[in-house]
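Asks: Before anything else, here's the structure in question.
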Amino acid sequence: MNAIHPQMHLHKVELKPKDYKTDTPSFWCAGCGHYGVLTGLLRSLSEIGVDPNHLVSVSGIGCSSRLPYFVNSYKMHTLHGRAGPVATGVQLARPDLSVVVTGGDGDGFSIGGGHMPHMARKNVNMIYILMDNHVYGLTKGQCSPTSRQVMKTTTTPYGGLEEPLDPIMYMLTYGATYVGQSFAGNVKLASQLIKEGMEHKGFAFVNLLSQCPSFNDIDTAQAFKEACDQVPDSHDTSDLSAAISAVNAAKKAGRIPTGLLYKTERPTLDERMAELVERVGGGKDYDLKKIIDLARP
Ligand code: SF4
Ligand code: MG
């Protein structure tokens with residue numbers, strides 16, 4: 001069975017980044033880091049030459065989950081935390097399309113946290129862009145799973161009691177096949193990671209650190225920028241242990257590792273499904289009894 005890779009099927013188009021932008025007025029605050037994510041995504045789409053007719057943007061709920069409104073594509077603004085499963089269904093039904101999921105830290109890792117490991121381990125062929133501002137923005141400043149303990153929020157007025165979750169470490173350990181991180185304001189690196197992640201065959205996870213000037217006054221654009229250290233060119237992106245060590249070392253030093261941390265190849269869920277359908281004679285010759293017999297030990 002040949003590998004199914006959306007970008008290889010696509011009829012490429014020549015469009016400028018602005019051609020991928022809709023006329024929908026922005027509802028993000030001035031200075032929000034999400035503008036950087038949008039700019040990076042539009043630039044990546046243009047560089048790849050993605051046909052908007054073959055592009056599906058999927059999101060959950062939150063300020064970041066409004067991003068699909070601004071992208072010239074098919075789009076699904078789904079339920080809180082459920083962008084991943086919806087996007088998985090879209091990708092399996094139409095493996096010829098490019099599927100982009102965008103969402104926030106609360107949407108992805110709290111409400112939708114149960115879905116994250118499964119997209120990674122199944123190696124769903126799509127990109128998940130986390131717009132991580134360490135706070136719930138849309139609902140006005142509650143503590144999120146990535147909030148740092150020193151941050152005082154409306155729900156943690158004396159600071160947090162819990163260790164923040166590290167989305168990068170989470171994805172590395174659950175088997176994502178492409179893992180990268182950048183400050184959203186570093187549009188060059190962010191768009192490079194998005195582009196490569198979209199071209200990657202398998203589950204690509206890109207964490208973009210995005211300031212929320214309205215409700216997080218410690219993780220400012222300047223603070224993110226100053227804390228980021230790009231992994232050196234010598235970093236072996238095929239070595240999972242090296243990626244985990246790099247993240248651990250950066251953490252201990254109070255730094256944020258950025259760049260492409262890990263990349264590997266293994267069959268995607270849609271490939272495995274296509275192989276199964278072929279093996280059991282799917283399509284019009286679908287035979288349930290044969291499938292049950294095959295499944296028996
Ligand atoms: Fe951006 Fe925060 Fe405003 Fe939401 S509340 S649009 S995350 S700055
Ligand atoms: Mg958030």
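Asks: So for the range 115-234, what are the equivalent ellipsoid semi-axes in whole Å, largest first, each being the square root of 5 times an eigenvalue of the Cα gyration tensor?
Replies: Equivalent-ellipsoid dimensions as semi-axes: 26, 17, 12 Å.
Asks: Related question: Cβ neighbours within 10 Å, averaged per peptide: list 205-214, 243-252 in order, most packed at the top.
Replies: 205-214, 243-252
Asks: Counting only C-alpha contacts under 8 Å and six or more residues apart, can you give the relative contact order of the chain as a whole percent?
Replies: For the chain, the relative contact order is 18 percent.
Asks: What is the range 173-292 by shape, rounded, prolate or oblate, if you read a ≥ b ≥ c off the alpha carbon gyration tensor as root eigenvalues and call it rounded for a/c under 1.5, prolate for a/b larger than b/c, and oblate otherwise?
Replies: prolate
Asks: Oh, and also: With every protein chain present, what is the per residue accessible area of the chain (1.4 Å probe, Å²)?
Replies: That works out to 46 Å² per residue.
Asks: Give me the percent of DSSP beta bridges within the chain that run antiparallel, rounded to the nearest 5.
Replies: Taking every DSSP beta bridge within the chain, about 15 percent pair in antiparallel fashion.
Asks: Something else now. Using helices alone, what [θ] at 222 nm do you get for the chain, with -39,500 (n - 2.57) per DSSP H run of 4 or more residues, divided over all residues and rounded to the nearest 500?
Replies: Theoretical 222 nm ellipticity from helices: -9500 deg cm²/dmol.
Asks: Moving on. Can you pick out the pairs among LYS18/LYS140; LYS16/LYS201; LYS201/LYS289; LYS21/LYS188; LYS152/LYS188; LYS21/LYS140 whose Cα atoms lie more than 21 Å from each other?
Replies: Long pairs (Cα-Cα over 21 Å): LYS18/LYS140; LYS16/LYS201; LYS201/LYS289; LYS152/LYS188; LYS21/LYS140.
Asks: Here's another thing I want to ask about it. If we sort 194-203, 47-56 on the protection proxy, mean other Cβ atoms within 10 Å, highest first, what's the order?
Replies: Averaged packing, sorted descending, gives the order 194-203, 47-56.
Asks: Can you give me the % of accessible surface on the range 29-179 that is carbon or sulfur? Probe 1.4 Å, all protein chains present, nothing else counted.
Replies: C and S fraction of accessible area: 57 percent.
Asks: What does the net charge come to around GLY40 if you take all other residues with beta carbon closer than 13 Å to its beta carbon, with K and R at +1 and D and E at -1?
Replies: Local charge sum for GLY40: +2.
Asks: Report the equivalent ellipsoid semi-axes for the chain in whole Å, largest first, defined as the square roots of five times the eigenvalues of the gyration tensor built from alpha carbon atoms.
Replies: Semi-axis lengths for the chain are 32, 22, 19 Å.
Asks: Under a Cβ-Cβ cut-off of 13 Å, what is the net charge of the residues other than GLY81 that fall near it, where Lys and Arg count +1 and Asp and Glu count -1?
Replies: The answer is -1.
The values are calculated or read from the model by the stated rules, or taken from the named source; none is laboratory data. Keep in mind that this is a model prediction, so the values were computed, not measured. Backbone-built Cβ (ideal geometry, glycine too); neighbour counts: all protein chains shown. The accessibility values were calculated without ligands, DNA or RNA, using every heavy atom of the protein model including side chains. Shrake-Rupley method; radii C 1.70, N 1.55, O 1.52, S 1.80 Å.
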